[in-house]
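For reference, the structure discussed in these notes is given below.
The values are calculated or read from the model by the stated rules, or taken from the named source; none is laboratory data. For clarity, every value in this text was computed on a predicted model and none was experimentally measured. Cβ placement follows ideal geometry from the backbone for every residue including glycine, while neighbour counts extend to all protein chains displayed. Calculation scope for accessible area: heavy atoms of the full protein, side chains included, ligands and nucleic acids excluded. Shrake-Rupley method; radii C 1.70, N 1.55, O 1.52, S 1.80 Å.
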Amino acid sequence: MLLHVSENKEVAKGIWEMHLSGDFPFENVQPGQFIHILIGSGREHVLRRPISIAAIEAEKETLVIVFRVVGEGTDWLAKRVEGDVLDVLGPLGTGFPLTTKQKILIVGGGIGVPPLYELIKRLWQQGNEIYCLLGFRNSDDVFWVEKFKEYGTVTTYTDDGSFGEKGLVTQRIAEDFLEKNWSNVYACGPVPMLKELKGIVANFSVEGYFSLEERMACGVGACYGCVCNNQRVCVEGPVFPMREVVL
Amino acid sequence: MQVDFAGIKLKNPVMPASGCFGYGKEYAKYYDLSELGAIIVKATTVSPRLGNPTPRVAEVCAGMLNSIGLANPGVDQVVKKELPWLRQFELPIIVNVAGDTVEDYCFVTEKLCQSGLVDAIELNVSCPNVEQGGMAFGVDAGVLAELTTAVKKVCSVPLIVKLSPNVSDIVQIAQAAEAAGADALSLINTLVGMKIDLMSRKPILARGVGGLSGPAIKSVAVRMVYQVYKAVKIPILGVGGITTGLDAIEFIMAGATAVSVGTANFTDPYACPRIIKEIKAYMEKEGIKDLSEIRGCAHVLS
Ligand SMILES: Cc1cc2nc3c(=O)[nH]c(=O)nc-3n(C[C@H](O)[C@H](O)[C@H](O)COP(=O)(O)OP(=O)(O)OC[C@H]3O[C@@H](n4cnc5c(N)ncnc54)[C@H](O)[C@@H]3O)c2cc1C
Ligand SMILES: Cc1cc2nc3c(=O)[nH]c(=O)nc-3n(C[C@H](O)[C@H](O)[C@H](O)COP(=O)(O)O)c2cc1C
Ligand code: FES
């Protein structure tokens, strides 16, 4: 389907927030699902780019994505301006299952942060008590922290301490767990972060969901390019129950 | 638009290529599969296979590399679950068969034929993504002839042999398959390629190499169809980089009877029905009533 770019702006160094509007099944989106975007005419870039849905503004018939420029496809996306048209497939994949009235821990690292925004919003709407840890490389990379704060207690970490606390998002979880007694954990971010997190929370009784990344071709389940632990990241994922994830 | 391909009646000459369309389920959400000329499903082996480690896809300029490695649920599951589901659509079903040994190929072919659910078999002797078998059967004329002869004995439906472009003399290989009893040829499977990640300074694909497909290989595929058309009497299924109806027409002019579409399904899930419409529009514009009017026409001048 075709969506119009209604806004595209750089929100941190090399990180762009793009608003897309048009005819899209906004009501059916689960947080954690993604769209698969055609780059140019598709003759040079034959593979679409998977980007998570970061926010849904159903009343404005708009969805928001946040992406980091890392190569030709995302560079092309960064150059789109208001009024340009994008060919997208979606919403695709399986997102985060929601819960009500629980004590929740959300952990996000870098470009893994965006899909957690729609998640925290929905979890807040469902009356959950939310604690959120967001990690970035340094102050240049930080985005959307204020938006997350509307829905929970947020602690931010940077590798060099140039914004928020210095160090890794995972460094205090073990201690805090004893006090906070979280029942659910949701995470998206680099593999080392997820690995560390999984190790820590394994000692507690908690239900967890991780969002994973894998290189994709079709994005719809036909090519078996994106398989992880024998499941297709584009269909059974990108969100998997933490216990099933082997990192 | 109708064509007769090795005795199979096709309502149009367009079918999705093996490995690029699963068993049809995913694309059935986008359109009615009965619009297709036929369907070629994923490579099927004796037992289930998980495939190669990831990353197993990468993009390159005007194409992609894959090293899926024949991930499939095995022939029993295919016969029990996938093919009966596909039968609800009005279209011939072609199953791509792969194996490590001649016995494997015969075993899978026989099981598929006995199920009564397949209209043709496509022998995959050209997969660059497995250690054993696969491409090894497709690069030596003698070995290929032996395999084709053996499979032909247990194959009660038309037998299509899918050739590898990774050979020095495609004509010799094609003729060997024809002489051994192939009813048709499929040209071409992927070319072997590699992409290196400048950050990690290592190949992107976990397996190092992968099969190159997409627009980048079209001219190689057209050339091979052209060369082989002159040298054999059996029909040719053209495949490699077809993205539009005009690409398909080019293959037909080189000598293909039908075409299959792989990578383009990933770029555009509606690629096959769109290509069918584009072929039809071209025929109307050029006043072509039957594709046989232009099949192999590129040869007339030479
Ligand atoms: C389910 C899912 C959700 C994602 N959500 C986001 C998001 O919200 N924001 C964001 O910035 N990025 C996200 N990514 C990563 C994003 O898809 C890649 O950064 C992007 O495809 C890179 O394209 P490129 O052309 O700029 O880079 P190139 O490196 O030039 O791309 C070449 C090829 O590799 C693939 N590729 C490269 N890096 C990745 C990667 N990390 N993951 C998957 N494929 C990759 C590309 O899709 C393309 O096919 C997501 C990935 C997945 C699988
Ligand atoms: C992801 C992928 C999986 C494939 N799997 C198979 C396969 O199982 N058997 C086979 O014979 N060819 C397989 N192929 C090759 C295609 O059927 C086709 O021959 C090739 O991709 C060239 O066509 P294209 O450029 O239209 O993709 C595969 C190709 C891709 C891209
Ligand atoms: S990308 Fe094709 S199966 Fe997931």
Next on the checklist: About the Cα centre, and with charges only on the beta carbon of Lys, Arg (+1) and Asp, Glu (-1), how big is the dipole of the protein assembly as shown? Nearest 20 debye, please.
Outcome noted: 580
Next on the checklist: Mean-square fluctuation check for chain B, GNM, Cα pairs under 10 Å: which of B:Gly138, B:Gly208, B:Gly238 is largest?
Outcome noted: B:Gly208
Item to check | Intensity falloff of region A:2-92 expressed as log10 I(q)/I(0), Debye formula with alpha-carbon point scatterers, at q = 0.17, 0.23 Å⁻¹ | outcome: -0.65, -1.24
Item to check | Given charges at beta-carbon only (K, R positive; D, E negative), |dipole| of region A:2-92 in Debye | outcome: 380
Checklist entry - What nm distance separates the two modelled labels at A:Lys101 and A:Phe204, each placed 7 Å from Cα along Cα→Cβ? => result 2.1
Checklist entry - Considering region A:125-243, what Rg and Dmax in Å follow from its alpha-carbon atoms? => result 15.9, 46
Item to check | Selection from A:Gly83, B:Gly241, B:Met199 lying farthest towards where the dipole of the protein assembly as shown points positive, charges on Cβ | outcome: B:Gly241
Checklist outcome for this item: With all protein chains present, the protein assembly as shown has a carbon and sulfur share of its accessible area (1.4 Å probe) in percent of 52
Checklist outcome for this item: In nm, the gap between the two label points placed 7 Å beyond Cα toward Cβ at A:Lys195 and A:Asn138 is 2.5
Next on the checklist: Taking a ≥ b ≥ c as the square roots of the Cα gyration tensor eigenvalues, with a/c under 1.5 meaning rounded and otherwise prolate when a/b beats b/c, else oblate, which class fits chain A?
Outcome noted: prolate
Item to check | Heavy atoms of B:Lys277: accessible area, 1.4 Å probe, square angstrom to 10 | outcome: 140
Checklist entry - Once a ≥ b ≥ c are taken as the square roots of the eigenvalues of the Cα gyration tensor of region A:86-175, is the result rounded (a/c under 1.5), prolate (a/b larger than b/c) or oblate (a/b not larger than b/c)? => result oblate
Item to check | Shielding of B:7-20 by partner chains, average beta-carbon count, 10 Å | outcome: 1
Checklist outcome for this item: Residue ranges of DSSP H helices in chain B that stretch 15 Å or more (Cα, own long axis) and have mean Kyte-Doolittle hydropathy of at least 0.5 are B:141-154
Item to check | Convex hull volume per residue in cubic angstrom - Cα atoms of region B:55-212 | outcome: 126
Checklist entry - Which whole-percent values make up P(r) of the protein assembly as shown when all C-alpha to C-alpha distances are grouped in 10 Å steps starting at zero? => result 4, 18, 26, 22, 15, 10, 4, 1, 0
Next on the checklist: Given R₀ = 35 Å, what would the calculated FRET efficiency be for B:Cys61 paired with B:Tyr30, taking r from the Cβ atoms and rounding to 0.05?
Outcome noted: 0.85
Item to check | the protein assembly as shown - share of DSSP beta bridges that are antiparallel (%, nearest 5) | outcome: 50
Item to check | region B:178-302 shape via C-alpha gyration tensor axes, a/c threshold 1.5 | outcome: oblate
